[in-house]
Amino acid sequence: MKEVAKAVGENLDSYKVIVTKSTVPAGTGTIIREIVEKYRPEAHAFSVVSNPEFLREGSAIEDFLRPNRVVLGTEDEQAAAILKDLYRPLYLIETPFVTTNVVTAELIKYASNAFLATKISFINEMADLCEALEPTSTMWPGAWGSTSGSGGSSPSGPRVRRILLPKDTRAVMWLAEEKGLRLRVIGGAVP
């Protein structure tokens, strides 16, 4: 990321919007801004935007074409307008745009993944209980709560397989620990 930011800075010749789509630690946008400012040859304006994706495994194209939300983290109204224009061809009439600052958008992605990991852990614990008590097949997650976003909308059984959330959940735990906080619920979801 630092090498890319340096290359962008060195080649900045007019106003640009620099967008991160990846799940990145909160504060990454600030680091990108500092590196670009350090290496740009002239004082060309630029904006840094966090635009995290919320794609489910197996549904990426559908989720891209019909997202349930679009998060834009920027302090610059011009950058927000440019990103909204970029999304316009998707006809996102009913899709809410959540516009906030960069670090909040970065944290929203981690919070979303931590919530999903916690939800999956809860579903799997209930599956363990179901297996131990041998209830009827109606006792799986769909009967007592939505499983949308947990790797599929209709699991083949009570256990929902774990998807790639451990690193994001650990990152949230690390961030909290850096601020002197102990997150008990999310900590319980860390594998």
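Taken together, the values in this text are just the output of simple stated rules run on the coordinates, not laboratory data. As the structure is a prediction and not an experimental result, all values here were calculated from the model. Ideal geometry is used to build each Cβ from the backbone, glycine not excepted, and the neighbour counts take in all protein chains shown.
Couple of notes before you dig in:
- Cβ-to-Cβ counts within 10 Å put Ser50, Ser14, Ser59, Ser121 in ascending order as Ser14, Ser59, Ser121, Ser50, the fewest first.
- Assigned charges on the beta-carbon of Lys, Arg, Asp, Glu; region 2-102 dipole about Cα centre (debye): 100
- FRET efficiency, Lys2 to Lys179 (Cβ-Cβ, R0 30 Å, nearest 0.05): 0.80
- Gyration tensor (alpha-carbon) shape descriptor, region 1-107, a/c threshold 1.5: prolate
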